Amino acid sequence: MNFQENVPLAPLTTFKVGGPARFLVEAASHAEVAGTVQFARAQSLPLFVLGGGSNLVISDAGWPGVVLKVAIAGMEERSENGKVLFEMGAGVEWDKFVARAVARNCSGIECLSGIPGSVGGTPVQNVGAYGQEVAETIESVLALDMKDGQIRELCNEACGFNYRTSIFNTSERGRYIILRVTYALEPGGVPRVHYADLKRYFVGRDAPTLAETRDAVRRIRAGKGMLITPGDEDCRSAGSFFKNPVLSPGQFDDLASRAAAKNLQIPSYPALDAQKKVSAAWLVEHSGFSRGHGHGPVGISRKHALAIVNRGAATAADIVAFKDEIQERVEDLWGIRLQPEPVFVGF
Ligand SMILES: Cc1cc2nc3c(=O)[nH]c(=O)nc-3n(C[C@H](O)[C@H](O)[C@H](O)COP(=O)(O)OP(=O)(O)OC[C@H]3O[C@@H](n4cnc5c(N)ncnc54)[C@H](O)[C@@H]3O)c2cc1C
């Protein structure tokens, strides 16, 4: 096992903030994952499971225990009941898997092209974008259950997927270490072009192929700073910082009357309306935090109102202070408390 002491964590994240880990272990097999758990227990140290580091705000103090970086490789493919099953090691880079699936002409995850992070990270918040989410195609998740040390295969239903949630980040947070995820994709399937941005991209063109859809999604994402692009400081972030709030009818009416009092109309997006969500980006922008809004070392991306970016020398404390300011202003003006999407580690 690859054990290191006092390792800076910032370089292992897309936000590039955070202090050191007391121990960092890269675990490349199921046995190494189990061995790392035993080590942390024997030393009475807290354990944190790290994937690709793309959905994290790590505190400036870092992590006082063991950080286990899941580095399990492997990509196996077989056909079953008319689907192609891809058994993916949790440490595989997500976008490499999407590229492979598209190259094999299998549909179901093409709209999730360009999302950073690992395969093992995708079930945790039920990753979604451009009209697709992984809950639709995950067949099962193989995980080490830290309650009793057993390896369990959880079927899709057992994962409790919902908007940006699963059992892994709610009811069973901290219980499972994901080792492998099996995806069931459609061979020869057609790409899903439902999302407004994608439809606009293909207006006037022939029905796109899977490869063209993947390419379009990556281009649209790059234009929003949502594709990790070397040298683009607008993607030094954790992606969207706030979830789109899901409102009750009463909350929605309250929001609508606050908007009407300001001569504003809440924008309507079919994808959000269907799930009774309102746009967090709109709330942020209409609370005085427009794209490019600066705040010393932190700010709002110049390309997307929902991304808080590290302009180079930000600390985790800077990011948290800016997040608090946005939450407070949005709540004051609109009566809605925005919930952050990234995971806060070591606070
Ligand atoms: C530029 C950018 C764009 C993004 N766009 C999107 C988007 O469109 N849609 C979207 O949903 N997300 C998006 N994200 C967020 C992020 O990429 C996803 O949430 C991603 O799946 C996180 O995976 P990760 O491997 O990086 O996990 P990490 O950030 O390393 O960890 C996130 C959480 O998952 C847990 N975890 C990770 N791996 C495992 C494992 N093997 N077992 C158990 N727990 C684990 C960690 O403990 C932590 O709680 C974006 C992020 C960035 C920076």
Revision key, fill the gap. Filtering region 257-313 down to residues that are assigned to a strand (DSSP E or B) and of a type in the set (A, V, I, L, M, F, W, C) yields Val298, Ile300, Ile308, Val309
Check your understanding: Would region 147-159 turn up any residue that is surrounded by fewer than 14 Cβ atoms within 10 Å (Cβ to Cβ) and farther than 29 Å from Ala40 by Cα?
Key -> yes
Check your understanding: For region 222-229, does any single residue satisfy the condition of being touching a residue at least 60 places away in the same chain (Cβ under 8 Å), of a type in the set (Gly, Ala, Ser) and in a loop (DSSP other than H, G, I, E, B)?
Key -> yes
Exercise for review: Determine which member of the set Ser287, Ser257, Ser268, Ser301 is farther than 30 Å from Gly174 by Cβ and within 20 Å of the chain's Cα centre (by Cα).
Suggested key: Ser301
Check your understanding: Looking at Leu142, is it of a type in the set (A, V, I, L, M, F, W, C), over 24 Å from Gln38 (Cβ atoms), assigned to a strand (DSSP E or B) and not assigned by TED's automatic domain parsing to the domain that holds Asn55?
Key -> no
Practice item. Give me the pairs, please: first residue somewhere in region 49-61 and over 15 Å from Asp95 (Cβ atoms) and more than 6 Å from the ligand (Cβ to nearest atom), second residue anywhere and among the aromatic types (Phe, Trp, Tyr) and not in a loop (DSSP other than H, G, I, E, B), beta-carbon distance under 8 Å, and either six or more positions apart or on two chains. Key: Val57/Phe344; Ser59/Phe344
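Every residue, every condition in (1) assigned to a loop (DSSP other than H, G, I, E, B); (2) not hydrophobic (A, V, I, L, M, F, W, C); (3) not assigned by TED's automatic domain parsing to the domain that holds Ile178, yes or no:
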site: Pro11; (1), (2), (3): no, yes, yes
site: Lys16; (1), (2), (3): yes, yes, yes
site: Ala21; (1), (2), (3): no, no, yes
site: Val37; (1), (2), (3): no, no, yes
site: Val49; (1), (2), (3): no, no, yes
site: Gly52; (1), (2), (3): yes, yes, yes
site: Ala61; (1), (2), (3): yes, no, yes
site: Met88; (1), (2), (3): no, no, no
site: Gly91; (1), (2), (3): yes, yes, no
Check your understanding: Within the group Ala317, Ala313, which residue is among the hydrophobic types (A, V, I, L, M, F, W, C), loosely packed, with under 15 Cβ neighbours inside 10 Å and at pLDDT below 95?
Key -> Ala313
Review point. Across region 320-347, which residue is farthest from Val246 (Cα to Cα) among those that are surrounded by fewer than 16 Cβ atoms within 10 Å (Cβ to Cβ) and among the aromatic types (Phe, Trp, Tyr)?
Key: Phe347
Check your understanding: Within region 186-221, which residues are out of contact with any strand residue (DSSP E or B) (no Cβ under 7 Å at 6 or more places or on another chain), of a type in the set (A, V, I, L, M) and assigned to a helix (DSSP H, G or I)?
Key -> Ala196, Leu198, Ala211, Ala216, Val217, Ile220
Exercise for review: Inspect region 155-177 for any residue being at pLDDT below 95, within 12 Å of the ligand (Cβ to nearest atom) and touching an Asp or Glu at 6+ places or on another chain (Cβ under 7 Å) and give the result as yes or no.
Suggested key: yes
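The values are calculated or read from the model by the stated rules, or taken from the named source; none is laboratory data. Values in this document were obtained by computation on a predicted structure and should not be read as measured data. Neighbour counts run over all protein chains shown; Cβ positions are idealised from the backbone, glycine included.
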